[in-house]
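J.: Just passing along the structure, written as structure tokens.
Since every read-out is calculated from the coordinates, none of them should be taken as a lab result. As the structure is a computational prediction, the values presented were derived from the model and not from experiment. For neighbour counting, all protein chains shown are included, and Cβ atoms are generated from backbone atoms with ideal geometry for every residue, glycine included.
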Amino acid sequence: MKRVVVTGIGIWSCIGHDVAEVSQSLRSGKSGIGYDEARKEYGFRSPLTGIVDTPDLKTLLHRRLRTGMSQEAMYAYMAAREAFGQAGIDEDYLLNNEVGVLFGNDSTAMPTVEMHEQMMEKHDTALLGSGLILQSMNSTVNMNLSTIFHLRGINFSVSAACASGSHSIGLGAMFIRQGLQDMILVGGAQEVNPYAMAAFDALGTFSARVDDPIHASRPFDCDRDGLVPSGGAAALVLEDYDHAVKRGATILAEVCGYGFSSNGGGISQPSSEGSYVAMQRALNDAGMSADDIDYVNAHATSTQQGDEQEAIALTQLFAGKRAWISSTKSMTGHECWMAGASEAVYSIIMMREGFVAPNINLENIDLAAAELRLAKETIEMPVKTVLSNSFGFGGTNSAIVLKTI
């Protein structure tokens, strides 16, 4: 089995437009959550969201390339651009070497709505053009990235709800381990327009703390009242270790464990057992135990049942252990399809810079999490091993183990 390493990371999120900005936000416990007036006007119960800027691609990409890009594809381009840059991968390399792309994405609502509105007005499919069609496909992200960056390796979307980004890392690592690819761009992307989140708002799962946005996302806190949706994109360049060494790349971390499971229960019902199985499988794959982990980036989204069930599973593994635990969703909100990838990026930033980001807004710890070593404030310390959790609707669970080299 080949070893799999990360040689580049990129991020576009509500807490920063690049790794440097995001690092500062993570260290200082800065929230990226705000009040979106457009959501209130549209009819949302909760207008809270991660505030994600739309990148201006006019000076970066030709109009022909921009035509087929959905909102999440734009975010993904910016993240991928940064990740390739950090990995030392330029256009010449991409034109002369086979690189794959696996990206997590589980919806693209806005172009679908726009197509419907145009049809209701014009009643003529000929007037739709090709752009909206390409934007509306679930594979819109990897289609655009493969075209823009000339990627000629493995190429498909990973659609697994809020575990999509994490599964993309695990699957990418598996392809490289088997010697099928030397390098793969992996990640996750999530649109943030109101159309994408209206149905979720209808479920009543969003925080209604509308008068206090930055304190609305409260993972593991007794007073949590729901999650805050968010989005953006995160990208990682995965590479065969020997290949990375041969070309003189800087190695940021090693992907040494991937675990997965399915709850097999209610479609939106979290499971402590499923969470435990995914984490234990990731540790086994890495040849590690809970004693070896320095930090756990919890999935914890700030929902009552989800946080409780994960806390039960975490307690089984980490009660009395040295691992610090926090949920970066306290700052970013729930980045949905990108969350597994962005939280891997956040974890690598902590590993590289020697700190554990805080679980902000944690004032009264839930009883289920009472035995966990939760980081309420930033902790300056070496972080050499990380377990990152991602769980989603339909009972899909993914866990990734990262370590420094």
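J.: Lys/Arg Cβ at +1, Asp/Glu Cβ at -1, dipole of the chain taken about the Cα centre: which of G16, M69, A235 is farthest positive-ward?
T.: It is A235, whose Cα lies furthest towards the positive end.
J.: Count the DSSP beta bridges whose two residues both fall in the chain, then state the antiparallel fraction as a percent rounded to the nearest 5.
T.: Of all bridge pairs located within the chain, approximately 70 percent are antiparallel.
J.: List the trypsin sites (Lys or Arg not before Pro) within segment 257-365 that fall in a DSSP loop (any state other than H, G, I, E or B) and whose Cβ has at most 12 other Cβ atoms within 10 Å.
T.: R322
J.: Taking the Cα centre of segment 4-396 as origin, sum charge times position over the Cβ atoms of Lys and Arg (+1) and Asp and Glu (-1), and report the length of that vector in debye to the nearest 20.
T.: 400
J.: When W12, W324 are ordered from fewest to most other Cβ atoms inside 10 Å of their Cβ, what list results?
T.: Ascending Cβ contact count within 10 Å gives the list W324, W12.
J.: Search the structure for amide H atoms under 5 Å from the amide H of E371, placed 1.01 Å from N in the peptide plane, and list their residues when 5 or more places away or on another chain.
T.: none
J.: Taking R0 as 30 Å, what's the FRET efficiency between E98 and A126 from their Cβ-Cβ distance, rounded to 0.05?
T.: So, using R0 = 30 Å, E works out to roughly 0.20.
J.: Filter the chymotrypsin sites (Phe, Trp or Tyr not before Pro) in segment 34-136 down to the DSSP loop ones having no more than 15 other Cβ atoms within 10 Å, then list what survives.
T.: Loop-located and lightly packed - none at all.
J.: Also, I was wondering about something else. Using DSSP to call loops (not H, G, I, E or B), can you name the GluC sites (Glu not before Pro) in segment 276-364 whose Cβ has at most 12 other Cβ atoms within 10 angstrom?
T.: E363
J.: Calculate how large, on average over all directions, the projected area of the Cα convex hull of segment 281-405 is; give the answer in nm² to one decimal.
T.: 7.2
J.: Label points 7 Å out from Cα along the Cβ direction at F393 and T67: separation in nm?
T.: Here the answer is 3.3 nm between the modelled labels.
J.: In addition: Can you tell me the length gained on complete extension of the stretch S262 to Y35, counting 0.36 nm per residue apart and subtracting the Cα distance?
T.: Full extension from S262 to Y35 adds 78.3 nm.
J.: Then there is this: Gap in Å between the Cα centre of segment 83-131 and the Cα centre of segment 356-405?
T.: Rounded to whole Å, the Cα centres lie 32 Å apart.
J.: Continuing with the same structure: Add +1 for every Lys or Arg and -1 for every Asp or Glu among the other residues with Cβ under 13 Å from the Cβ of R66, and state the total.
T.: +2
J.: Where in the chain are the DSSP H helices whose alpha-carbon span along the long axis reaches 24 Å or more and whose Kyte-Doolittle mean is at least -0.5?
T.: What comes out of the filter, once short or polar helices are dropped, is 71-87.
J.: Distance from the Cα centre of segment 29-76 to that of segment 146-191, in angstrom?
T.: 23
J.: Answer with one residue from I267, Q135, A244: the one whose Cα lies farthest towards the positive end of the charge dipole of the chain, charges on Cβ with Lys, Arg +1 and Asp, Glu -1.
T.: So the residue furthest toward the plus end is A244.
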